[in-house]
Amino acid sequence: MTTFYRRTALVTGATAGIGFEFADELASRGMNLVLVARNEERLNTITMQLRSRYGVLVELLRADLSVREQVDVVAARATQSDIDLVINNAGYGLNDSFFENSVEAEQQLLDVLVTAVMRISHAALPGMRERDRGGVINVSSVAGWMSSGTYSAAKSWVTTFSESMAMQLRETNVHVMALCPGFTRTEFQHRAGMETETIPDWMWLDARQVVRDSLTDFAGGQPVSVPGVKYKALGLVAQYLPRPLVRALSVMSRR
């Protein structure tokens, strides 16, 4: 079983949705925080809330993870010995197709969803391995098992990367896990301009429960966490169905 050290957690995309719920839940468990996000006003507000509510130390780090130099500032902070947990959560989606988006928009998406995850993990994990404690949770998605454009492709990378790191660290007390939620009630869909009215209520997950379930799986040493019985079943189907059927289902889901 992975030991869950409660010193300092670095959380990207910490001002909303799953990232905020991670910050709030970890603070409630006594962890100090380094919160990373683009919106400085939100960072300030959330920092004051968490300090007042839980009495933990909260550090702000404003950064746009589509900008390499700013990613490297976050990565440098992740190397420091007080960081026992990194949550790579920052992300967003593009509502238009690959052929409608500019190449700059597609590149920026990959910079945030893939390159930032790789660089921050690469910075944090060697020190954790040397200290023989800590870990990384990379927020991926069940979409990574589908064929739904660049977002799915990026999340497929995040899941496979996390599993690979978990296997390479299996003889240590350092753990890496991919969190693969389904539809979760956050600002994500609104920011991406996605239509959600046709998604039935039973398909939605609660962001706080997603976080709590993932932390339980992380403490248990799971390489992949899929919160919710319905998405556990969907994930198994998507992974083991013949790929032509998965592609067909992906096309139907976009109609």
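The values are calculated or read from the model by the stated rules, or taken from the named source; none is laboratory data. Not measured: the values here are computed from a predicted model. Glycine also receives a Cβ, built like all others from the backbone with ideal geometry; neighbour counts cover every protein chain displayed.
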Practice prompt. Could you check G13 against (1) under 25 Å from R133 (Cβ atoms); (2) among the small types (G, A, S); (3) crowded, with 18+ Cβ neighbours inside 10 Å; (4) more than 15 Å from the chain's Cα centre (by Cα) and say which number it fails?
Written response: (4)
Worksheet entry | Scan of region 31-60 for residues that are over 18 Å from I120 (Cβ atoms), at pLDDT 95 or above and in a loop (DSSP other than H, G, I, E, B), ordered by number | G55, V56, L57
Worksheet, complete the sentence: If we keep only residues of region 143-170 that are at pLDDT below 90 and in a helix (DSSP H, G or I), then the residue farthest from F22 (Cα to Cα) is W145
Worksheet item: For region 158-178, how many residues meet the condition of being under 20 Å from G144 (Cβ atoms) and surrounded by 18 or more Cβ atoms within 10 Å (Cβ to Cβ)?
Response: 10
Worksheet item: Do the conditions hold for G13, that is, is it modelled with pLDDT under 95 and either in contact with a Leu (Cβ under 7 Å, 6 or more places away or on another chain) or within 25 Å of L205 (Cα to Cα) (or both)?
Response: no
Discussion item. I want to confirm something. Restricting to region 68-79 and keeping residues that are free of Cβ contacts under 8 Å to residues at least 40 places away in the same chain and not aliphatic (A, V, I, L, M), which single residue is surrounded by the most Cβ atoms within 10 Å (Cβ to Cβ)?
Written reply: Q70
Fill in: Tally, over region 92-133, of residues that are loosely packed, with under 13 Cβ neighbours inside 10 Å and among the aliphatic types (A, V, I, L, M)
1
Worksheet item: How many of the residues in region 4-34 are under 23 Å from L109 (Cβ atoms), touching an Asp or Glu at 6+ places or on another chain (Cβ under 7 Å) and of a type in the set (A, V, I, L, M)?
Response: 1
Worksheet item: So, of the residues in region 61-99 that are among the charged types (D, E, K, R), at pLDDT 95 or above and in a loop (DSSP other than H, G, I, E, B), which turns out to be nearest to the chain's Cα centre (by Cα)?
Response: D64
Discussion item. Looking at R119, R133, can you tell me which residue is at pLDDT 95 or above, under 15 Å from the mean Cα position of the chain (by Cα) and among the basic types (K, R)?
Written reply: R119
